[in-house]
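As structure tokens, the structure follows; a few thoughts come after it.
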Amino acid sequence: MGVFFMKNITRRDFIKTGASAGLLLSTAGAGVGLNAATVNMPELVITKNSSPADLVRKAVEELGGMTRFVKKGQTVLLKPNIGWDRNPEQAANTNPDAVAEVVKMCLAAGAKRVRVIDRTCNQAERCYKNSGIEEAAKNAGAEVRHIVESRFQEVPIPEGKLLKSWPLYRDVLDFDVFINMPIAKVHGISQYTLGFKNMMGIMGGNRGNIHKEINTNLVDINTVVKPALTIIDAWRILVRNGPTGGNLADVEEKKIMIAATDRVAADAYAVTLFGAKPADIPYLYDASQRGMGKLDLTTVKIKEIDLAG
């Protein structure tokens with residue numbers, strides 16, 4: 001799916017008129033277009049060996065800073081993984097310190113409002129609290145909201161191979177900028193849950209049906225929802241018994257953050273942390289074949305920074 005750059009029209013107005021044509025969020029992150037300042041920037045930044053907050057801040061800075069993605073007065077929807085009743089050390093949810101730092105960067109860039117949401121798998125109140133994300137994001141200045149079932153809206157998927165429509169959360173339609181912020185972990189069905197699978201947290205309906213043909217369905221959903229920025233938390237990764245985790249023996253501390261404008265490349269790099277080859281992951285291969293990003297990391301502009309020196 002191509003990225004559409006439009007002038008003299010707000011992203012919200014475009015979504016209202018274009019969603020029926022399957023163009024939902026294809027203009028996510030106004031200002032991310034090519035220009036002299038951004039054309040030579042990396043598409044993928046990997047930062048290593050510091051605190052989660054330091055790593056995520058440096059990664060975004062190297063992509064051009066949050067002002068590249070968030071303009072003054074815009075609203076930002078931030079989608080971490082908050083799906084499980086687990087604490088940060090168990091690595092089932094996005095690191096709360098990293099989430100808080102992204103909230104701060106968005107507000108510093110001039111965002112009018114930053115909202116944090118996820119459709120949880122376990123009981124929402126416990127997930128939001130025990131993940132540490134609710135407290136950290138609120139303290140950083142974000143609105144933290146639980147999912148309200150009445151706010152799902154059926155959205156057409158014109159480019160879907162299997163899914164032709166699906167209910168998506170209204171906030172994704174209403175907010176100016178969408179930032180996807182998953183944690184890196186294994187998954188029993190899709191092999192890995194990263195940026196593409198994190199989109200299930202904005203989906204309504206019976207998500208169990210998605211698992212029947214999960215690789216194709218994940219790509220279908222991602223044809224109509226394109227984040228302005230993908231940030232993958234790999235400070236701790238869950239290497240066994242995902243996506244729920246629970247056993248600290250299944251967690252490895254990598255002290256890595258990944259930030260990218262190319263969501264395929266972001267997931268492709270993340271799977272290498274588990275020893276996998278990107279081309280062997282069915283949904284990534286499919287997404288690359290549909291023109292959604294670069295699978296071959298040798299073709300990606302990558303910058304790696306070790307903050308430990």
Candidate set from the range 186-208 (those that are under 18 Å from Q90 (Cα atoms) and free of Cβ contacts under 8 Å to residues at least 60 places away in the same chain); member that is farthest from the chain's Cα centre (by Cα):
G188
Result of the Cβ filter at 7 Å on the range 269-284, keeping first residues that are touching a residue at least 60 places away in the same chain (Cβ under 8 Å) and partners that are surrounded by 15 or more Cβ atoms within 10 Å (Cβ to Cβ) and in a loop (DSSP other than H, G, I, E, B), at least 6 apart or interchain, is A270/L194; V271/I281; F274/V239; Y283/S190; L284/L295
Give me the pairs: first residue in the range 157-183 and surrounded by fewer than 23 Cβ atoms within 10 Å (Cβ to Cβ), second residue of a type in the set (D, E) and part of a strand (DSSP E or B), beta-carbon distance under 7 Å, and six or more apart or on different chains, which are they?
S165/E154; P167/E154
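Going by what's in this entry, would V103 be described as in a strand (DSSP E or B) and out of contact with any Asp or Glu (no Cβ under 6 Å at 6 or more places or on another chain)? Outline the logic, then answer.
Values: in a strand (DSSP E or B): no; out of contact with any Asp or Glu (no Cβ under 6 Å at 6 or more places or on another chain): yes.
So V103 does not fit the description; no.
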Filtered residue count, the range 269-309, keeping only those that are under 15 Å from H187 (Cα atoms) and among the aliphatic types (A, V, I, L, M):
6
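Give the residues of the range 161-190 that are within 20 Å of E149 (Cβ to Cβ) and assigned to a strand (DSSP E or B), sorted by residue number. Before you say what the answer is, go through the steps one by one.
First, pick out the residues of the range 161-190 that are within 20 Å of E149 (Cβ to Cβ): 163, 165-175.
Correct list: S165, W166, P167, L168, Y169.
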Does the range 254-301 hold any residues that are farther than 19 Å from W235 by Cβ and of a type in the set (D, E, K, R), and which are they?
D262, R263, K277, D280, D286, R290, K294, D296, K301
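Collect the residues in the range 228-259 that are charged (D, E, K, R), more than 21 Å from G293 (Cβ to Cβ) and surrounded by 22 or more Cβ atoms within 10 Å (Cβ to Cβ), keeping them in residue-number order. Please lay out each step first, then the result.
The initial filter retains those residues of the range 228-259 that are charged (D, E, K, R), namely 233, 236, 240, 250, 252-255.
Subsequent filtering for residues that are more than 21 Å from G293 (Cβ to Cβ) retains 236, 240, 250, 252-255.
Scanning the range 228-259 gives a single hit, R236.
Residues checked against (1) in contact with a strand residue (DSSP E or B) (Cβ under 6 Å, 6 or more places away or on another chain); (2) hydroxyl-bearing (S, T, Y):
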{"residue": "T193", "(1), (2)": "yes, yes"}
{"residue": "F196", "(1), (2)": "no, no"}
{"residue": "E213", "(1), (2)": "no, no"}
{"residue": "L218", "(1), (2)": "no, no"}
{"residue": "V225", "(1), (2)": "no, no"}
{"residue": "L229", "(1), (2)": "yes, no"}
{"residue": "T244", "(1), (2)": "no, yes"}
{"residue": "I256", "(1), (2)": "yes, no"}
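Any read-out appearing in this document is the output of simple, stated calculations on the displayed coordinates, not a laboratory observation. The structure displayed is predicted, hence computed values, not measured ones. In this analysis, Cβ positions are derived from the backbone assuming ideal geometry, glycine residues included, and neighbour counts consider all displayed protein chains.
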